[in-house]
1. Quick check on Cys95: is it within 16 Å of the ligand (Cβ to nearest atom) and surrounded by 11 or more Cβ atoms within 10 Å (Cβ to Cβ)?
2. Given the condition open to solvent by 40 Å² or more (accessible area, probe 1.4 Å), out of contact with any strand residue (DSSP E or B) (no Cβ under 7 Å at 6 or more places or on another chain) and part of a helix (DSSP H, G or I), answer yes or no: does some residue in region 81-92 qualify?
3. Among the residues of region 37-71, which ones are part of a loop (DSSP other than H, G, I, E, B), open to solvent by 70 Å² or more (accessible area, probe 1.4 Å) and free of Cβ contacts under 8 Å to residues at least 24 places away in the same chain?
4. I'd like the full set of residues that are part of a strand (DSSP E or B) and surrounded by 11 or more Cβ atoms within 10 Å (Cβ to Cβ), limited to region 1-36.
Amino acid sequence: MGNCLDCGKKLSGRLDKKFCDDYCRGHYNNELNKNKNTALKEINSILKKNAAILQKLEEKGVTKLTQQMLIVAGFDFNFFTHQLSGQAGEVYNCCYNYGYCFVTENELVLKVIGDRNKF
Ligand SMILES: [Zn+2]
């Protein structure tokens with residue numbers, strides 16, 4: 001016999017039981033969802049920040065940028081929403097409706113993604 005996944009008390013009764021009762025089951029699932037939502041919110045806020053940084057640059061008319069410019073602004077290269085291919089097959093990492101592509105190790109081009117998820 002195992003222990004309750006929520007409170008850790010020893011379980012009795014059916015062998016496949018995982019919780020003492022509905023209270024423990026509900027509490028356990030709520031905590032699980034809370035953690036999932038927290039992770040989701042954290043990732044969303046990183047993506048939104050990335051998009052906001054790209055938006056600001058785009059609004060200033062900047063289309064060519066360096067990795068350094070983005071890092072200084074707090075950009076996180078680990079997070080993007082999806083990838084799109086440019087005309088020459090180059091791959092753009094996108095944060096919502098903004099895409100960037102490395103042209104050299106340190107230089108990037110920035111593009112706004114239009115309707116139908118195309119440049
Ligand atoms: Zn319990």
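The values are calculated or read from the model by the stated rules, or taken from the named source; none is laboratory data. What you are looking at is a predicted structure, and each value in this text was computed from that prediction instead of being measured. Every residue, glycine among them, receives a Cβ derived from its backbone with ideal geometry; neighbour counts consider all protein chains shown. The accessibility values were calculated without ligands, DNA or RNA, using every heavy atom of the protein model including side chains. Shrake-Rupley method; radii C 1.70, N 1.55, O 1.52, S 1.80 Å.
1. In short, no.
2. Going residue by residue through region 81-92, those that are open to solvent by 40 Å² or more (accessible area, probe 1.4 Å) are 81-83, 85, 87-91.
Okay, now just the ones that are also out of contact with any strand residue (DSSP E or B) (no Cβ under 7 Å at 6 or more places or on another chain), so 87-89.
From what is left, the residues that are part of a helix (DSSP H, G or I) are none.
There is no residue in region 81-92 that is open to solvent by 40 Å² or more (accessible area, probe 1.4 Å), out of contact with any strand residue (DSSP E or B) (no Cβ under 7 Å at 6 or more places or on another chain) and part of a helix (DSSP H, G or I).
3. Lys60
4. Asn3
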